[in-house]
1. Residues of segment 6-20 being open to solvent by 20 Å² or more (accessible area, probe 1.4 Å), of a type outside the set (S, T, N, Q) and assigned to a loop (DSSP other than H, G, I, E, B), which ones?
2. Can Leu198 be described as of a type in the set (A, V, I, L, M, F, W, C) and surrounded by fewer than 16 Cβ atoms within 10 Å (Cβ to Cβ)?
3. Being in contact (Cβ under 8 Å) with a residue 60 or more places away in the chain, more than 16 Å from the ligand (Cβ to nearest atom), more than 17 Å from Phe193 (Cβ to Cβ) and surrounded by fewer than 24 Cβ atoms within 10 Å (Cβ to Cβ) narrows it down to one of Ile81, Ile61, so name that one.
4. Restricting to segment 97-141, count the residues that are within 16 Å of the ligand (Cβ to nearest atom), touching a residue at least 12 places away in the same chain (Cβ under 8 Å) and not polar (S, T, N, Q).
5. Pull up segment 221-237, narrow it to residues that are within 16 Å of the ligand (Cβ to nearest atom) and open to solvent by 30 Å² or more (accessible area, probe 1.4 Å), then point me to the one that is farthest from the chain's Cα centre (by Cα).
6. Being without any contact (Cβ under 8 Å) to a residue 60 or more places away in the chain and outside any helix (DSSP H, G or I) is the filter here, so list the residues in segment 208-228 that pass it.
7. Please count how many residues of segment 175-198 are within 16 Å of the ligand (Cβ to nearest atom) and in contact with a Phe, Trp or Tyr (Cβ under 6 Å, 6 or more places away or on another chain).
8. For segment 80-101, what are the residues that are among the aliphatic types (A, V, I, L, M) and in contact with a Gly (Cβ under 8 Å, 6 or more places away or on another chain)?
Amino acid sequence: MIVVYSRGFEERYPTNPVESPDRVRLAAQELSWYEFFEPSPASREEIAAVHTAGHVERVMIRGLYEAAALAAGGAVAAARISLREPAFGLIRPPGHHASSDHSWGMCFFNNMAIAVKAIRPHFRKALILDIDLHFGDGTVSIFRWDPDVSVVNIGAIDVNFDYLKLDSSGYIEQVENALESHEYDIICVSAGFDTYRLDWGGMLDMDDYRKIGSLIRDASEERCDGRRFALLEGGYHQDLRYCIRSFVSGFE
Ligand SMILES: [Zn+2]
């Protein structure tokens, strides 16, 4: 397994202070025994395949283009690597609240959508599994009319912040159901960790993340030649690095 990471992800940019560089800096230390790959920023064309010119311009005006394009580039690299071996994109800013012409929730460009579109010629059907606490409204809106890309949000609270009505076994059952009930030849994970017991979602244990990672690994090995990649989305507790490590230990 390859970890896609850049020191550029440790840059500060205008965002909510909870989305701090330490999220990825400390996680990179925790994953240091894996092979790392240094990505380049996503190209204008790769970004334009998902976002309107107006949205890109607004991101530029806010001084966020560089950070957002580098995260998207990390996502594209993870997706490309996953065609030969599994990859984890340890990237920030997150992306699943970015739709083609709008973004919110600490997201600017939709990393997952840019990555999936960039490798489009290499798959027939993709499954995007979003395990972040929050509903990935941006990703859902981008692929809403796309018959070849299924987006499943596991146990997500919706945009009105309704609380989870699941326990961890119900959550894991939803992951199993999603993996069983869709057709795909690549699995793409929007890996947010804010459902963690001590984070905002207050539910999943560290070991639940390992289980979720291994369910995804097993399904991809059985059904799509092991093609899988994950991209960091949310997760704000200081234990984020351990949640990521646990997920990756099942996912690798
Ligand atoms: Zn979230």
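1. Residues satisfying the conditions are Glu11, Arg12, Tyr13, Pro14, Pro17, Val18.
2. Values: of a type in the set (A, V, I, L, M, F, W, C): yes; surrounded by fewer than 16 Cβ atoms within 10 Å (Cβ to Cβ): yes.
For Leu198, the condition - of a type in the set (A, V, I, L, M, F, W, C) and surrounded by fewer than 16 Cβ atoms within 10 Å (Cβ to Cβ) - is met.
3. None of the other options fit; the residue is Ile81.
4. In the first step, residues of segment 97-141 are kept if they are within 16 Å of the ligand (Cβ to nearest atom); the result is 97-99, 103-108, 110-112, 128-140.
Cutting the leftovers down to touching a residue at least 12 places away in the same chain (Cβ under 8 Å) gives us 97-99, 103, 105-108, 110-112, 128-140.
Filter again for not polar (S, T, N, Q), leaving 97-98, 105-108, 112, 128-138, 140.
Matching residues across segment 97-141 total 19.
5. It comes out as His237.
6. Cys224, Asp225
7. First pass over segment 175-198, keeping only residues within 16 Å of the ligand (Cβ to nearest atom): 189-198.
Imposing the further condition that a residue be in contact with a Phe, Trp or Tyr (Cβ under 6 Å, 6 or more places away or on another chain) reduces the set to 194.
Matching residues across segment 175-198 total 1.
8. Pass one, segment 80-101, residues among the aliphatic types (A, V, I, L, M): 81, 83, 87, 90-91, 98.
If the condition is that a residue be among the aliphatic types (A, V, I, L, M) and in contact with a Gly (Cβ under 8 Å, 6 or more places away or on another chain), then Leu90, Ile91, Ala98 are the ones that fit.
The values are calculated or read from the model by the stated rules, or taken from the named source; none is laboratory data. Predicted model only: the values in this text are computed from it and were never measured. Reconstructed Cβ throughout: ideal geometry from the backbone, glycine too, with neighbour counts over all protein chains shown. Note: accessible area is taken over every heavy atom of the protein model, side chains too, but ligands, DNA and RNA are not part of it. Shrake-Rupley method; radii C 1.70, N 1.55, O 1.52, S 1.80 Å.
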